[in-house]
Amino acid sequence: MFLIDAQASRIKLILFDVDGVLTDGKILLHPDGTESKQFDIKDGTGIVLAQRAGLIVGFLSARTSPSTAQRAAHLGVTLLHQGVSSKLETYEQIVDELLLEDQQVAYMGDDVVDLPVLQRAGLSAAPADAVDDVRSRVHWVSRANGGQGAARELIEVILRAQDKWDPLVEEYLTLRHGRSVLDTTERSARGPSERERASEASGGGAPRAMDKGSRESAAGVWPRGSKK
């Protein structure tokens, strides 16, 4: 565990595969040709907390899905690469653009297509139900399966190693105008709902929408150092 903590303490960027990591790997195909996926709420909270702590979070997927784009938008994740033919090439591009080194990157994947990136990342991770060829080659394996809290576990390991977890939990307990810090963060990422906009127009109590700079300062949802 000491080795994992040492690796986790250097991480500035966390990249996640999507299908099988942020989801359980199942895809629901509907009669109209659309598809849907299920994402874990605990994973989402962890991603928001990681960004609040100053880490950059990104999604890297070989498939293209509106559900993935919608989930990223809800969480304020702007580093989103879908339809990737070579994950390693995309990984190298991301690392170069962000001026990072491999040891500053954590990557979680679940299948053999993820192995080239897992072999490069400073901290490689896999869900409990990843294929054997992946689990046997990564630095760390979660207790949870993909889409059931695996991403959250990795985030906690990294934030605890950087002494950032406990302050974030304390911050979460702080209420702003009757709502938690995380509620405010989620709202700033997705924008106000129709009900909230109506309340604002009538002079109600919902916070007014802030410009992008104000949101970054107040909510901290935007990944620091990432390109918008």
Scan (1) buried (at least 18 other Cβ atoms within 10 Å of the Cβ); (2) more than 23 Å from residue 159 (Cα to Cα) for the single condition residue 83 breaks and write down its number.
-> (1)
Filtered residues of segment 169-186 (kept if buried (at least 17 other Cβ atoms within 10 Å of the Cβ), modelled with pLDDT of 50 or more and either in the same structural domain as residue 22 (by TED's automatic domain parsing) or not hydrophobic (A, V, I, L, M, F, W, C) (or both)) | 172, 185, 186
Checked segment 23-46 for anything in a loop (DSSP other than H, G, I, E, B), in contact with a helix residue (DSSP H, G or I) (Cβ under 6 Å, 6 or more places away or on another chain) and not basic (Lys, Arg); matches are 39
Listed by first then second residue, the pairs whose first member lies in segment 93-113 and is without any contact (Cβ under 8 Å) to a residue 60 or more places away in the chain and assigned by TED's automatic domain parsing to the domain that holds residue 150, whose partner is surrounded by fewer than 18 Cβ atoms within 10 Å (Cβ to Cβ) and of a type outside the set (Val, Ile, Thr), with beta carbons under 6 Å and at least 6 positions apart or on separate chains, are 102/120; 112/133
Just give me the residues in segment 7-33 being hydrophobic (A, V, I, L, M, F, W, C) and either modelled with pLDDT of 95 or more or closer than 17 Å to residue 153 by Cβ (or both), in sequence order.
-> 8, 11, 13, 14, 15, 16, 18, 21, 22
Qualifying residues in segment 49-73 (those that are surrounded by fewer than 16 Cβ atoms within 10 Å (Cβ to Cβ) and part of a helix (DSSP H, G or I)) - the one farthest from the chain's Cα centre (by Cα) | 66
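Of all helices (runs of 4 or more DSSP H) completely enclosed by segment 82-163, which ones contain at least 1 residues that are in contact with a helix residue (DSSP H, G or I) (Cβ under 8 Å, 6 or more places away or on another chain) and under 20 Å from residue 38 (Cβ atoms)?
By residue number, 150-161.
Which ones in segment 27-48 are small (Gly, Ala, Ser) and over 22 Å from the mean Cα position of the chain (by Cα)? Lay out the reasoning, then the answer.
Quick first cut of segment 27-48, residues small (Gly, Ala, Ser) only: 33, 36, 44, 46.
Correct list: 33 only.
The values are calculated or read from the model by the stated rules, or taken from the named source; none is laboratory data. In this text, all values refer to a predicted model and were calculated from it rather than measured experimentally. Using ideal geometry, Cβ is built from the backbone for each residue, glycine included, and neighbour counts are taken over all protein chains shown.
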